[in-house]
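Just below is one structure, and these are the notes that go with it.
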Amino acid sequence: MKILPDLALTYDDVLLVPQYSDIESRKKLSTRTNLTRRLALQIPILSANMDTVTESEMAIAMAREGGIGIIHRFMSIEEQVRQVTRVKKAESFVVDDPIILNVSHTVGDVKRIVAETGSGGILITDGNARLVGIVTTRDLLFENDDAKPVTQVMRREVITAPPGTTSQQAMAILHARRIEKLPLVNGDGRVVGLITQKDLTKSEQFPKATKDARGRLAVGAAVGVKERELQRVESVLVAGADCIVVDIAHGDSRQEIEIIQKIRQRFPDAQIVGGNVATADGTKRLIDAGADAVKVGVGPGAVCITRVVAGAGVPQLSAVIECAQVARDADIPVIADGGIRNSGDIAKALAAGAATVMIGSLLAGTDESPGLMMTRKGHRYKTSRGMASVQANADRKTREGEGWITQEEIDEYVSEGVEAAVPYRGKVKEVLTQLVGGIQSGMSYSGAHSIEELREKAVLVRMTPTGLRESMPHDVDVL
Ligand code: XMP
């Protein structure tokens with residue numbers, strides 16, 4: 001046995017000491033950062049891969065605001081693929097599989113497809129799948145003869161663009177030609193995609209959105225460490241997942257290292273997040289195995305009881321400082337996962353060296369988290385639960401098609417998480433606006449124009465429990 005000499009600290013043990021600042025407007029401060037070596041985010045926040053936090057709706061909201069959601073793995077592979085696909089389809093400015101009819105179809109066929117799909121324009125191809133025309137709802141306005149061949153109503157002069165056209169180029173063409181649809185056509189004249197004015201406008205609505213190279217919202221997917229999980233990795237990557245989060249409580253383990261190595265070998269381009277760890281050595285082992293980011297946090301989460309049950313963990317601020325130091329040498333970003341209760345905690349985590357934070361319970365109370373709202377004594381709540389809780393495991397069994405959990409299994413299960421009610425907090429966007437505003441304020445107090453600078457300039461001071469008490473509202477009745 002050995003006892004480490006230093007006292008370990010967490011967020012409530014420290015404050016950022018105010019530094020000289022030349023910042024005039026906090027709101028303009030950039031919160032850009034890196035999730036992995038290759039993946040950039042405009043805000044340093046991930047929603048946690050918990051079944052009460054992140055499914056497609058949460059992931060869409062997070063990516064639109066400039067963060068990212070990690071879809072949890074407590075579901076079948078098919079279901080997780082569906083969740084990833086929903087995010088990918090939410091806001092692409094290029095439709096990969098536009099609806100296409102051919103010259104043998106009639107006006108009636110086009111009307112039926114328009115009614116079924118709500119699409120405002122249908123592309124028409126010849127017998128060799130080459131684009132020859134387009135029919136929009138405007139062309140159908142006064143067409144009463146459903147038997148008429150579509151070739152008699154379609155417009156033959158179609159303005160097209162090549163694959164790879166950017167959103168700015170497409171916008172310029174649509175604007176100059178006063179059109180709403182721009183088919184993407186390859187060298188053979190075959191349709192490979194469609195850009196619409198509607199989709200482009202939608203993407204302008206969320207200027208900070210985290211997107212992949214094809215303009216689709218970014219999303220991550222959690223996987224386990226068993227050999228069979230390689231199938232899950234492959235399926236979610238094919239569906240378009242932008243990063244894989246290897247998700248186990250004790251990430252400094254042989255199983256985790258082996259699965260990272262295998263993923264790296266089989267899918268060299270995949271962005272892999274390894275975790276969770278709480279030590280410098282653990283961080284280094286995951287980086288050596290091939291991780292592109294390391295997630296730090298053993299036991300700080302709001303619904304975790306690992307420290308109570310196993311007596312194991314490291315207070316989160318010290319864990320982040322230690323892990324971030326070695327990760328920095330390898331140019332690998334660190335994610336501070338768990339225990340974030342407010343924006344001040346995030347500012348401290350970033351100052352301690354984290355590039356991003358992962359949040360569970362604070363986001364579990366939003367509209368976009370899975371699960372129903374409940375009302376208790378006039379207040380509204382949603383649920384947050386540890387993924388190592390009995391309840392989460394019982395549900396996982398049924399969602400993965402393994403049947404109901406038995407009483408014997410419940411009795412034998414050593415839970416490391418609890419199920420809890422969290423206050424309802426409205427929309428994710430509202431919560432993130434407050435959190436990002438607080439981070440910018442923390443940056444301003446440290447005189448930092450960027451997250452990188454915050455890390456360099458920040459000075460942390462330790463405080464006593466009385467200092468903490470002084471930091472809260474006191475001697476007043478808060479309304
Ligand atoms: P917060 O505090 O944001 O933390 O809710 C979210 C993180 O908590 C971790 N997590 C668990 N840890 N037992 C644990 O010890 C559990 O059952 C459990 N479930 C979630 C996880 O890292 C998550 O991102």
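The values are calculated or read from the model by the stated rules, or taken from the named source; none is laboratory data. Just so we're clear, the structure is a prediction, and the values are computed from it rather than from any experiment. Glycine gets a Cβ as well: all are built from the backbone with ideal geometry, and neighbour counts include every protein chain shown. Heads up: the accessible areas ignore ligands, DNA and RNA and are worked out on the full protein's heavy atoms, side chains in. Shrake-Rupley method; radii C 1.70, N 1.55, O 1.52, S 1.80 Å.
Report, by residue number, each residue of region 117-162 that is open to solvent by 50 Å² or more (accessible area, probe 1.4 Å), at pLDDT 90 or above and within 34 Å of the chain's Cα centre (by Cα).
Hits for region 117-162 are Thr160, Pro162.
Restricting attention to region 453-473, which residues are without any contact (Cβ under 8 Å) to a residue 24 or more places away in the chain and open to solvent by 90 Å² or more (accessible area, probe 1.4 Å)? Don't jump to the end; show me each part of the working.
Here is the first cut: in region 453-473, the ones without any contact (Cβ under 8 Å) to a residue 24 or more places away in the chain are 453, 456, 464-466, 469-470, 472-473.
Answer for region 453-473, where residues must be without any contact (Cβ under 8 Å) to a residue 24 or more places away in the chain and open to solvent by 90 Å² or more (accessible area, probe 1.4 Å): Glu456, Pro465, Arg469, Glu470, Met472, Pro473.
Got a sec? Which of Arg64, Arg112, Arg73, Arg86 is open to solvent by 30 Å² or more (accessible area, probe 1.4 Å) and in contact with a Phe, Trp or Tyr (Cβ under 6 Å, 6 or more places away or on another chain)?
Testing whether each residue is open to solvent by 30 Å² or more (accessible area, probe 1.4 Å) and in contact with a Phe, Trp or Tyr (Cβ under 6 Å, 6 or more places away or on another chain) leaves just Arg64.
Taking region 19-65 only, how many residues are among the β-branched types (Val, Ile, Thr), touching a Pro at 6+ places or on another chain (Cβ under 7 Å) and assigned to a loop (DSSP other than H, G, I, E, B)?
3
Return the residue satisfying two criteria in turn: it lies in region 443-452 and is assigned to a helix (DSSP H, G or I) and not polar (S, T, N, Q), and of such residues it is surrounded by the most Cβ atoms within 10 Å (Cβ to Cβ).
Met443
Find the residue count for region 372-394, including only residues that are outside any helix (DSSP H, G or I) and within 14 Å of the ligand (Cβ to nearest atom). Steps first, please.
So in region 372-394, the residues outside any helix (DSSP H, G or I) come out as 372-389.
Now narrow it down to the ones that are within 14 Å of the ligand (Cβ to nearest atom): 382-389.
Result for region 372-394: 8.
If you go through region 42-61 one residue at a time, how many are surrounded by fewer than 24 Cβ atoms within 10 Å (Cβ to Cβ) and of a type in the set (Gly, Ala, Ser)?
1
Conditions: (1) away from the ligand (no atom under 16 Å from the Cβ); (2) closer than 23 Å to Ile244 by Cβ; (3) buried (at least 20 other Cβ atoms within 10 Å of the Cβ); (4) of a type outside the set (S, T, N, Q). Asp269 meets all but one. Number of the miss?
The failed condition is (3).
I'd like the full set of residues that are open to solvent by 40 Å² or more (accessible area, probe 1.4 Å) and touching a residue at least 24 places away in the same chain (Cβ under 8 Å), limited to region 363-382.
First, the residues of region 363-382 that are open to solvent by 40 Å² or more (accessible area, probe 1.4 Å): 367, 371-381.
Correct list: Asp367, Gly371, Met373, Met374, Arg376, His379, Arg380, Tyr381.
Taking Ala241 as the residue in question, decide whether it is assigned by TED's automatic domain parsing to the domain that holds Glu78, in a loop (DSSP other than H, G, I, E, B), within 18 Å of the chain's Cα centre (by Cα) and at pLDDT 95 or above.
Criteria met by Ala241.
Of all residues being touching a residue at least 12 places away in the same chain (Cβ under 8 Å) and out of contact with any helix residue (DSSP H, G or I) (no Cβ under 8 Å at 6 or more places or on another chain) in region 325-342, which is surrounded by the fewest Cβ atoms within 10 Å (Cβ to Cβ)? Just the residue, please.
Taking region 325-342 as the starting set, the residues that turn out to be touching a residue at least 12 places away in the same chain (Cβ under 8 Å) are 325-328, 330-342.
Remaining after also requiring out of contact with any helix residue (DSSP H, G or I) (no Cβ under 8 Å at 6 or more places or on another chain): 328, 331, 335, 337.
On the way: Arg328: 14, Asp331: 9, Ile335: 29, Asp337: 31.
Once the filter is applied, the top-ranked residue is Asp331.
So Thr52 ticks every box in (1) assigned by TED's automatic domain parsing to the domain that holds Gln440; (2) within 30 Å of Arg155 (Cβ to Cβ) but one. Which box is left unticked?
Unmet for Thr52, out of (1) assigned by TED's automatic domain parsing to the domain that holds Gln440; (2) within 30 Å of Arg155 (Cβ to Cβ): (2).
Taking region 196-209, which residues are at pLDDT 90 or above and touching a helix residue (DSSP H, G or I) at 6+ places or on another chain (Cβ under 6 Å)?
Listed by number, the residues that qualify are Phe206, Ala209.
Assuming Leu35 fulfils every condition listed in (1) of a type outside the set (Phe, Trp, Tyr); (2) open to solvent by less than 40 Å² (accessible area, probe 1.4 Å); (3) at negative phi; (4) away from the ligand (no atom under 16 Å from the Cβ) apart from one, which condition is it?
Going through (1) of a type outside the set (Phe, Trp, Tyr); (2) open to solvent by less than 40 Å² (accessible area, probe 1.4 Å); (3) at negative phi; (4) away from the ligand (no atom under 16 Å from the Cβ) one by one, Leu35 breaks only (4).
Return the residues of region 244-260 that are open to solvent by less than 30 Å² (accessible area, probe 1.4 Å) and assigned to a helix (DSSP H, G or I); say none if nothing qualifies.
Glu256, Ile259, Ile260
Matching residues to (1) under 21 Å from Gly437 (Cα atoms); (2) away from the ligand (no atom under 15 Å from the Cβ); (3) not aliphatic (A, V, I, L, M):
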residue: Gly275; (1), (2), (3): no, no, yes
residue: Thr279; (1), (2), (3): no, yes, yes
residue: Cys304; (1), (2), (3): no, no, yes
residue: Val308; (1), (2), (3): no, no, no
residue: Ala349; (1), (2), (3): yes, no, no
residue: Ala354; (1), (2), (3): yes, no, no
residue: Ile359; (1), (2), (3): yes, no, no
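Look at Lys208 and say whether it is assigned to a loop (DSSP other than H, G, I, E, B), touching a residue at least 60 places away in the same chain (Cβ under 8 Å) and open to solvent by 80 Å² or more (accessible area, probe 1.4 Å).
Numbers: assigned to a loop (DSSP other than H, G, I, E, B): yes; touching a residue at least 60 places away in the same chain (Cβ under 8 Å): yes; open to solvent by 80 Å² or more (accessible area, probe 1.4 Å): yes.
Yes, satisfied.
Considering Asp345, Asp292, which residue is open to solvent by less than 20 Å² (accessible area, probe 1.4 Å), within 14 Å of the ligand (Cβ to nearest atom) and among the acidic types (Asp, Glu)? Please lay out each step first, then the result.
Values: Asp292 fails: within 14 Å of the ligand (Cβ to nearest atom).
Every option except Asp345 fails the conditions.
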